[in-house]
Amino acid sequence: MQFVSESYREQLEDDKYFLHEHPRYATSWKLDCMIQLEKIPDSGVVRGDQCQYGAAVRTGKYKDRPVKKPTAFTSPSPELLHALSRICKG
């Protein structure tokens, strides 16, 4: 995670955005390097449930049923974070 966060900082130095995606409840979100990314101006962390973007079971008894899969995203792009912040309502 440290390597990834350093890569993101390099991208910012080149006036580029980054998008980091990881399971919402992963403990890595509590690492200092990830907390520091949230402190970048215009950055934040949002939750987006994958069922809102078409994620579904591919095979078996529950084929084609939605998969919630809570996911967290961080980026210095408020527009991107807004687009990825759809949460399941049931």
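The values are calculated or read from the model by the stated rules, or taken from the named source; none is laboratory data. Predicted model, so just to flag it, every value in this text is computed and none were measured. Heads up, the Cβs are rebuilt from the backbone with ideal geometry, glycines too, and the neighbour counts pull from every protein chain shown. What goes into the accessible areas is simple: the full protein's heavy atoms, side chains included, and nothing from ligands, DNA or RNA. Shrake-Rupley method; radii C 1.70, N 1.55, O 1.52, S 1.80 Å.
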If a residue must be of a type outside the set (Phe, Trp, Tyr) and open to solvent by 50 Å² or more (accessible area, probe 1.4 Å), how many such residues does the range 52-90 contain? 22
Out of the range 36-70, which residues are among the β-branched types (Val, Ile, Thr) and out of contact with any Pro (no Cβ under 6 Å at 6 or more places or on another chain)? Val45, Val46, Val57, Thr59, Val67
Just the residues that are closer than 18 Å to Glu79 by Cα and either surrounded by 15 or more Cβ atoms within 10 Å (Cβ to Cβ) or without any contact (Cβ under 8 Å) to a residue 12 or more places away in the chain (or both), please, taken from the range 12-40. Leu12, Asp15, Lys16, Phe18, His20, Leu37, Lys39, Ile40
The residue from Glu6, Glu21, Glu10, Glu38 that alone is of a type in the set (Asp, Glu), in contact with a Ser or Thr (Cβ under 8 Å, 6 or more places away or on another chain) and farther than 24 Å from Lys89 by Cα is Glu38
Matching residues in the range 34-69 - criterion: being assigned to a loop (DSSP other than H, G, I, E, B), small (Gly, Ala, Ser) and closer than 30 Å to Phe3 by Cα: Ser43, Ala55
Note on Asp49: of the conditions (1) open to solvent by 60 Å² or more (accessible area, probe 1.4 Å); (2) of a type in the set (Asp, Glu); (3) modelled with pLDDT of 95 or more, unmet is (1)
